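Please read the structure below before turning to the comments.
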Amino acid sequence: MTARIKLIGSDGAMKSVENTPEIPYSYSRVSSFDRSCGTYDLEKFQPKDNPMCPESFVCYDGAGTLADTVECVNSMDCAMLAGMTVFYGDDGKDSRMNDVILFLRSMIPHHQNAVNMAKNLYISGDVDCSNEGPTEEGDSVTTACLLAPIVQGIINTQNSQIQTMRGLLEAFDVTEKKECGLKDMESLSDADTCTTTMSMFGALVAGLGLVGLN
């Protein structure tokens, strides 16, 4: 974390308008789209703007009122699909190590999708639990109070696991992920080293199942 301190005189004017010292990098800024979803850096994964993804991961037949969450989940699933479509193998590593690396590269975006879905539900207010004190046997428990510990557990536990897995990739001296492009996917053959780790449908089912089961 970095910051500059600007001193203001008694007249209300800044003592110096010059931005010193220089900060040698740009600050990351959360887009309005990500702010509404409770996520970070997902705006570029909106399916309409990403050739790796279908137009939508969520089907809608007109039942109920379409929520803004749909667009958020579409971007989350698109990011997971892109993140889990990775090259297999690193130079100098044997097959057993490369299997571990593939697991880590694929599991990180898988976990991140679960975290993003949990954060999105968390900021919606739908899991705000208002129960005070212990719940007595036979008392009814609201859906929010049942979901709150699940959502918090996903965010805390899987974020911790993501950090551990990234640490392992760093220890193995490999990049976190190397995503295949569309040309790589179109030229797949038995001899190719580019492995699509999950189908679009499989990625979506796994992501939704992860939120439901963890």
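The values are calculated or read from the model by the stated rules, or taken from the named source; none is laboratory data. Values in this document were obtained by computation on a predicted structure and should not be read as measured data. Cβ: placed from backbone, ideal geometry, glycine included. Neighbour counts: every protein chain shown.
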Next on the checklist: Looking at segment 74-94, can you tell me whether even one residue there is of a type in the set (A, V, I, L, M), out of contact with any strand residue (DSSP E or B) (no Cβ under 6 Å at 6 or more places or on another chain) and surrounded by fewer than 19 Cβ atoms within 10 Å (Cβ to Cβ)?
Outcome noted: no
Next on the checklist: Against the definition (within 15 Å of the chain's Cα centre (by Cα), part of a helix (DSSP H, G or I) and either polar (S, T, N, Q) or closer than 30 Å to residue 181 by Cα (or both)), how does residue 101 come out, yes or no?
Outcome noted: no
Item to check | Subset of segment 1-45 [part of a loop (DSSP other than H, G, I, E, B) and within 30 Å of residue 125 (Cβ to Cβ)] | outcome: 1, 27, 28, 29, 30, 31, 38, 39, 40, 41, 42
Checklist entry - Looking at segment 128-150, which of the residues that are surrounded by 10 or more Cβ atoms within 10 Å (Cβ to Cβ) and part of a loop (DSSP other than H, G, I, E, B) is modelled with the highest pLDDT? => result 128
Next on the checklist: I'd like to check something: does segment 46-60 contain any residue that is under 22 Å from residue 114 (Cβ atoms) and either part of a helix (DSSP H, G or I) or of a type in the set (Phe, Trp, Tyr) (or both)?
Outcome noted: yes
Checklist entry - Of the residues 68, 61, 77, which is touching a residue at least 24 places away in the same chain (Cβ under 8 Å) and over 29 Å from residue 183 (Cβ atoms)? => result 68
